[in-house]
1. Count, please, the residues in the stretch 109-135 that happen to be in contact with a Phe, Trp or Tyr (Cβ under 9 Å, 6 or more places away or on another chain) and surrounded by fewer than 16 Cβ atoms within 10 Å (Cβ to Cβ).
2. Considering only the stretch 89-142, state which residues are acidic (Asp, Glu), in a helix (DSSP H, G or I) and within 12 Å of the chain's Cα centre (by Cα).
3. Could you list, in sequence order, all residues of the stretch 13-69 that are over 14 Å from the mean Cα position of the chain (by Cα), modelled with pLDDT of 90 or more and acidic (Asp, Glu)?
4. Condition test on Thr74, is it modelled with pLDDT of 90 or more, exposed (fewer than 10 other Cβ atoms within 10 Å of the Cβ) and at negative phi?
5. If I ask for residues that are more than 14 Å from Glu91 (Cα to Cα), in contact with a helix residue (DSSP H, G or I) (Cβ under 8 Å, 6 or more places away or on another chain) and not hydrophobic (A, V, I, L, M, F, W, C), which ones from the stretch 39-70 would you list?
6. Could you list all residues from the stretch 46-65 that are assigned to a helix (DSSP H, G or I) and surrounded by 13 or more Cβ atoms within 10 Å (Cβ to Cβ)?
7. Any idea how many residues of the stretch 26-45 are under 16 Å from Phe134 (Cα atoms) and outside any strand (DSSP E or B)?
8. Being touching a strand residue (DSSP E or B) at 6+ places or on another chain (Cβ under 6 Å), closer than 24 Å to Glu137 by Cα and of a type in the set (A, V, I, L, M, F, W, C), is that true of even one residue in the stretch 55-76?
Amino acid sequence: MMKNLRCYMEFDFDLPSVSDDEVREIEVIKGGKCYGVFHVKHQFVNSPKWLLEWKRATAKLSKRERARIDDPQTEDDVMLRRGVVIRMFVENYITKSAGIPVKGDGQWKHTASNLIAYLSDQRAYWVFQELDEFSSEESNFQKEAVEEAKKN
């Protein structure tokens, strides 16, 4: 009988790697107006860590709600899924936020609940999309990009 043999090889990949804890700053601007400065981590979408975070984010949902977000059929289903995604993103990938426009004499205070409320607002959903896209792009977190950002 042949025993289960494991073969360990050293592969010569010359690919840049990014740490899970690497944080980058992004300022979201549209039409010359700042809609916030955010410190975000790189999200390795569909990595084991990300999938575990998703599982935790959906664990409190009922079976029916999980079915709705897995296969959205109505606008309410899409909004439910969006809410879960935004909450997961805020809780796991945004470490700091500032400069978010607040009406009147209000001052922005970085908290998860404030940020979830801001990014969940239909008018600011595009801000979330910018952050999600930026944090999903590995090249934004590679050493060269970080050093270039520090120069500017």
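The values are calculated or read from the model by the stated rules, or taken from the named source; none is laboratory data. Source: prediction; values computed, not measured. Methodologically, a virtual Cβ is constructed for each residue, glycine included, from the backbone with ideal geometry; neighbour enumeration extends over all protein chains shown.
1. Final tally of qualifying residues: 2.
2. Matches in the stretch 89-142: Glu91, Glu130, Asp132, Glu133.
3. Glu27, Glu65
4. It is true that Thr74 is modelled with pLDDT of 90 or more, exposed (fewer than 10 other Cβ atoms within 10 Å of the Cβ) and at negative phi.
5. Residues satisfying the conditions are Glu65, Arg66, Arg68.
6. Listed by number, the residues that qualify are Trp50, Glu53, Trp54, Ala57, Thr58, Glu65.
7. The qualifying residues number 4.
8. No.
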